[in-house]
Amino acid sequence: MAAEHDSQNRDSKNPQNAMRHQHRRDRVNDRTETGSFPVIRRKPPLSDLNRNATRSRIVTSVLVMLLCALLGFGYMVQMHNTQSSYESMTEDELRRLFTETSAQVSKLEERKTELIAQLNSIKAAADKQEQARLIAQQNEQTSGILSGRLPAKGKGVTISIGENANHPIDAATMFHLIEELRNAGAEVIEFGGVRVITSTSIRRSGDDLVCDDQIVSSPYIVKAIGDPSTLQSAIDIAGGVGSTLKLDFGATVSVQQSDEVLISSVRQLPPNKYAKTVE
């Protein structure tokens with residue numbers, strides 16, 4: 001302390017020394033580390049935000065108006081150029097342009113007529129094909145039913161024949177019954193669960209009848225599709241096959257008419273060996 005006091009006394013006597021001493025103390029103080037407070041940024045006031053939003057809307061509106069003006073200007077320029085191009089053409093050029101345009105229109109009209117004709121032709125061909133398909137389908141169904149390949153149903157009769165054990169019915173009489181039904185207009189016939197076709201045969205084998213190699217036992221059930229009244233009359237007519245069955249063989253014959261007779265039995269026809277279709 002005494003040394004420092006002496007130094008101060010000397011400095012007071014010498015001003016230059018005093019200034020150098022003060023300068024050294026200032027440099028020491030400048031090297032001293034001090035704390036600092038965090039800088040807090042203030043939010044911009046709400047008026048500034050509104051001002052920025054308004055400025056953005058104004059700029060956007062100006063850009064949109066400028067774009068619309070440019071589009072309108074371009075459209076007007078295009079229209080002016082088009083009109084100018086026609087106005088600048090000579091009479092011969094306009095006449096040639098009109099002739100070329102008329103020729104193109106005529107060609108387009110001819111092409112339109114050709115396309116319409118082709119369309120009508122296609123429609124007519126499609127209609128013909130559809131009609132041919134329907135006819136072929138109908139013929140296929142009719143042929144299938146008549147040949148026994150397809151099941152059938154419709155109005156008709158169901159005949160039940162009970163055989164007398166002492167007087168068995170011969171095959172010829174039963175075949176005569178089927179022929180009478182055919183003559184009366186029966187379109188489809190089934191005998192004892194066997195579909196009757198053009199090549200059907202019936203024969204006697206012991207106590208049973210055999211129809212196309214299938215044994216049929218009494219009571220014999222015959223189904224026929226056709227006009228019910230006509231078919232029943234063919235059986236019940238005096239002196240007909242019904243009377244023969246009752247009087248000669250002592251059989252019981254029952255005929256029942258129905259609005260829907262179902263014949264589900266079918267036949268698989270063998271291929272023809274000799275007959276061929278005509279092309």
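The values are calculated or read from the model by the stated rules, or taken from the named source; none is laboratory data. Small disclaimer: the values here were computed from a predicted structure and weren't measured. Positions of Cβ are backbone-derived with ideal geometry, glycine not excepted, and every protein chain shown enters the neighbour counts. These area figures cover heavy atoms from the full protein model, side chains too; ligands, DNA and RNA do not enter into them. Shrake-Rupley method; radii C 1.70, N 1.55, O 1.52, S 1.80 Å.
List of remarks:
- Along each principal axis, Cα extent of the stretch 170-279, largest first, Å: 50, 35, 24
- Amide H contacts of R149 (H built 1.01 Å from N, under 5 Å, at least 5 apart or other chain): R267
- Approximate shape of the stretch 137-216 as ellipsoid semi-axes (Cα gyration tensor, √5λ), whole Å, largest first: 26, 13, 10
- Accessible-area value, H176, 1.4 Å probe, nucleic acids and ligands omitted, Å²: 90
- Each residue of the stretch 101-118 was assigned a 3J(HN,Hα) from its phi angle through the Karplus expression (A = 6.51, B = -1.76, C = 1.60, θ = phi - 60°), giving 5, 4, 5, 5, 4, 4, 5, 5, 5, 4, 5, 4, 4, 4, 5, 5, 5, 4 Hz with x at Gly and Pro.
- Protein-only accessible surface order, largest first, of C68, C211 at 1.4 Å: C68, C211
- The phi torsions of the stretch 133-149, fed into the Karplus equation with coefficients 6.51, -1.76 and 1.60 and a -60° offset, translate into couplings of 5, 5, 5, 5, 5, 5, 5, 5, 5, 5, 5, x, 6, 5, 7, x, 7 Hz, rounded to whole numbers, with Gly and Pro shown as x.
- Measuring between alpha carbons in the structure, the pairs from K128/K276; K155/K276; K123/K273 lying more than 31 angstrom apart are K155/K276; K123/K273.
- Proximity of backbone amide H atoms, modeled 1.01 Å from N, is registered between V196 and I189, E190, F191 at under 5 Å, excluding neighbours fewer than 5 places apart on the same chain.
- For the peptides 192-202, 250-260, 217-227, residues were scored by their other Cβ atoms within 10 Å and the scores averaged per peptide; the highest-first order is 217-227, 192-202, 250-260.
- Shape analysis of the stretch 96-187 based on the Cα gyration tensor places the equivalent ellipsoid semi-axes at 70, 9, 8 Å, largest first.
- Percentage, to the nearest whole number, of Cα pairs in the stretch 184-235 over 17 Å apart: 40
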